[in-house]
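What follows is a short report on a single structure.
Bear in mind these aren't lab numbers, they're just calculated from the coordinates by the rules spelled out. Bear in mind the structure is a predicted one, so any value in this text is a computation, not a measurement. Here the Cβ positions follow ideal geometry from the backbone for every residue, glycine too, while neighbour counts run over all protein chains shown.
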Amino acid sequence: MVDKITTIGILTSGGDAPGMNAAIRAVVRTAFTKNINVIGINNGYEGLINGEFHAMDARSVGGIFQRGGTILLTCRSKRFMEPAGQRDAIRKMNEAGMDALIVIGGEGSLTGAHALSQKGIKVVGLPGSIDNDVWGTDISIGTDTAMNTIMEAVDKLRDTASSHQRAFVIETMGRNSGYLAVMAGIVCGAEMVLVPEVPVTWEEVAASVANAYQRGKTHAIIMNAEGSAIDTTELVAKIDTLDVGFKTRVSILGHIQRGGSPTAYDRLLASRMGVKAVEALLEGKHGVMTGLQGKNIEYIPLLDVISNKRNVNMEYYEMTKVLAR
Ligand code: F6P
């Protein structure tokens, strides 16, 4: 016998990701269809502790589909990491009559979701992170849009790099993951990709740039993941102490990667996951995350999600080397 769910809370947490709004819309409208009330929680877990709640209906999610960011606002809550914060959040949930909670966010947010689940709250998570570092899903909401933003930026940088015959070291986000850098390495044609998972020295990077020059390339692109062991600005300064053929410039893409209207892919993924999250609760499934596995959205236990680390796909990493020849 599945407990009746009459009211669901929904929040977004951690770094925002394009497509979060599409996921919120899907949750609210699916719940509406099933006669379930939805309470929007502003400011992630911080708002859950503070009781920053408001009722949502089908109309309150109109016109948000195509917008980046999150209408529910987001936050990285330190208080919620502590048991006292979680206890206060549960108290607020009970006061508001929430039977279940849907959390959209990355690794840290899903760790919080698991903590609540351990305390008896019915929680379903949706992976939302441009870094694509969440285990248990082929891709997270927002990653595709970020990849497209990076591709557009690097295409532009390549225009100026070739015109001046320069090398560019371009930093992508991903403090724990090299996913964006590796994928950008493939789709933007990088000479070399630096990721947290594979340590390299600055001398090796310089050698790669020098080699590209000698092979007659008009420019060289080095993609550096934010979390790699090498600081982007220092790397450029060090390369410039040597005669590598190209002069080198730096471009740190930064938070621009997190904004923008979600791609069709992200809108679809977010919509599918939002629908599935509500269905999970109605089927009595909780303590899970919606994960894309192949063509299907599956329910992945939150415990598995947070106990496994998603590493960069080495096949793709090796591919960047071949394609750079
Ligand atoms: O959303 C994840 C992420 O983009 C990381 O790649 C990056 O290190 C971090 O967010 C930056 O977070 P903040 O916006 O809090 O500086």
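Before moving on, here are some points about what is shown:
- Phi-based couplings in Hz for region 256-265 (Karplus 6.51, -1.76, 1.60; Gly and Pro marked x): 4, 5, 8, x, x, 5, x, 5, 4, 4
- Fraction of alpha-carbon pairs over 15 Å apart in region 1-92 - percent: 60 percent
- Order of HIS255, HIS164, HIS114 under a 10 Å beta carbon neighbour criterion, fewest first: HIS255, HIS164, HIS114
- P(r) weight above 39 Å for the chain, C-alpha pairs, percent: 21 percent
- Antiparallel beta bridges, as assigned by DSSP with both residues in the chain, represent about 25 percent of the total such bridges.
- DSSP beta bridge pairing in region 144-258, given as percent antiparallel to the nearest 5: 5 percent
- Each distinct pair of alpha carbons in region 137-260 adds a 1/r term; the inverse of their mean, the Kirkwood radius, is 14.3 Å.
- Principal-axis tilt of helix 314-323 within the chain, Cα atoms, nearest 10 degrees: 30 degrees
- Amide H contacts under 5 Å for GLY178, placed H, 5+ residues apart: GLU197, VAL312
- Take each peptide in 134-140, 49-55, count the other Cβ atoms within 10 Å of every residue, and average; sorted highest first, the result is 134-140, 49-55.
- Structural descriptor for the chain: relative contact order 23 percent, calculated from alpha carbon pairs under 8 angstrom and at least 6 residues apart.
- Packing-based exposure ordering (other Cβ within 10 Å, fewest first) of ILE130, ILE252, ILE90, ILE300: ILE252, ILE90, ILE300, ILE130
- Report summary: the helix-based calculation at 222 nm, which adds -39500 (n - 2.57) for every DSSP H run with n ≥ 4 and divides by the residues of the chain, gives -13000 deg cm²/dmol.
- Candidate cross-link partners of LYS78 among the aspartates and glutamates, defined by an alpha-carbon separation under 18 Å and a same-chain spacing of 8 or more, comprise ASP16, GLU46, GLU52, ASP88, GLU107.
- Peptides ranked, highest mean first, by Cβ atoms within 10 Å: ranges 176-187, 76-87: 176-187, 76-87
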